[in-house]
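These notes are about the structure you will find just below.
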Amino acid sequence: MDSSSSSSGSDSWNFPTQTPQGGGNRYPTVVPTAVPTVKPLARPTAMPTAVPAIEDDDVEKNKISVNSAVNIYIETDDDQRAGYDWEVDETYDEIPGVEVSRSMGRSSAVLPNDLKYYLWMNYPESKEPQTFDAVITSPGRYLKLTNIQEAYSSPNFVYNPPAYNEDMDMEFEAFEVMASGDELPGVEFTITDEYGEYNFKFTTEMRNGNRKTPDAPIDFLIFHNYNEGEIGIWISSLYNEDAKLFKNATFDVAAEFTLWDKDGELNVITPKTKPISMKENGMFFFNYVDWQNGEGLTLKADLDGDDYYETNRKLK
């Protein structure tokens with residue numbers, strides 16, 4: 001990977017790398033396999049939101065809450081199932097440590113945080129397409145996703161637990177949302193550690209000139225490296241063969257970053273430049289621990305999706 005800086009004239013930030021793989025038992029999905037090996041620099045800044053308290057007996061859990069009474073169905077790589085499978089009208093409870101519930105106005109699931117899972121959220125009772133908001137919490141982490149499309153043919157959410165990647169020589173977790181160019185998710189990610197609290201907000205729009213939005217799924221991936229304090233976003237076609245459909249598309253990501261340090265001091269960065277603009281397979285990341293240490297918030301990015309970091313920019 002090329003980690004050199006560039007003043008390409010673009011007022012953006014990013015970075016890419018991965019190849020979709022098969023996942024889940026019935027339907028294909030994507031998992032990050034190759035992330036750039038260059039070590040990132042950066043810090044986040046955005047309005048902190050309180051991370052919900054976690055009970056002691058739930059320390060090993062991820063909790064997913066959906067703002068609607070929808071079906072939640074989960075599969076693992078070991079052919080285990082939980083929740084309601086709308087295709088066969090059956091409810092399953094095969095995954096140890098997993099609880100799925102649905103009430104009149106809300107649905108939720110509790111899952112071990114060391115478990116990779118494929119999750120479907122849908123509402124077949126409705127005759128109109130639905131979108132949902134979901135919150136995923138675990139100790140020290142609060143992730144809110146908005147505008148998630150209901151899913152039937154493939155999962156609309158995949159969680160990859162923290163795992164060591166030999167190529168990258170680091171451990172990271174990944175949250176993947178299956179989306180379309182017309183319906184890209186909003187992201188609010190809050191992380192709390194012994195040094196303070198960090199909040200990151202991202203909104204994304206796809207531009208495709210005057211052309212019709214490609215009828216192909218997008219993999220919107222949020223990457224978090226606990227050990228190094230890195231967070232990033234990677235956007236690509238879900239299937240390699242569909243990448244050519246997005247050759248004229250540009251993904252514009254607007255952001256706001258907030259840092260509360262251990263003394264309660266607030267630092268907010270709302271980039272004054274235009275949103276970061278990247279092509280299919282583009283990715284960006286930054287290091288929030290460096291920011292906490294007073295080194296500023298720096299973004300490394302691959303804006304053109306060629307797996308090389310051509311952008312290295314400090315945000316103001």
**Complete:** In Å, the Kirkwood estimate of hydrodynamic radius for region 80-228 over Cα pairs equals 17.2 Å
**Request:** Quick one: compute the contact order of region 267-316, relative version, from alpha carbon pairs under 8 angstrom and 6+ residues apart, as a percent.
**Result:** 36 percent
**Asked** What order do you get for 194-206, 104-116, 86-98 when each peptide is scored by the mean count of other beta carbon atoms within 10 Å, highest first?
**Response** 194-206, 104-116, 86-98
**Request:** Would you mind checking which residues have amide H under 5 Å from GLN130's amide H? H placed 1.01 Å from N; only 5 or more apart, or other chain.
**Result:** GLU150
**Prompt:** Rg (Å, one decimal) plus Dmax (Å, integer) for the alpha carbons of region 164-316?
**Reply:** 15.9, 50
**Message:** Can you order the peptides 280-288, 213-221 by their average number of other Cβ atoms within 10 Å per residue, highest first?
**Reply:** 280-288, 213-221
**Those lysines that a straight Cα-Cα span of less than 23 Å connects to LYS247, excepting residues fewer than 8 apart in one chain** = LYS212, LYS274, LYS279, LYS300
**Fill in**
Sorted by chain and then number, the residues having a modelled amide H within less than 5 Å of the amide H of ASP304, at least 5 places away or on another chain, are LYS279
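Computed from the coordinates by the stated procedures, all read-outs in this text should not be read as laboratory data. Keep in mind the model is a prediction, meaning the values are calculated, not measured. Methodologically, a virtual Cβ is constructed for each residue, glycine included, from the backbone with ideal geometry; neighbour enumeration extends over all protein chains shown.
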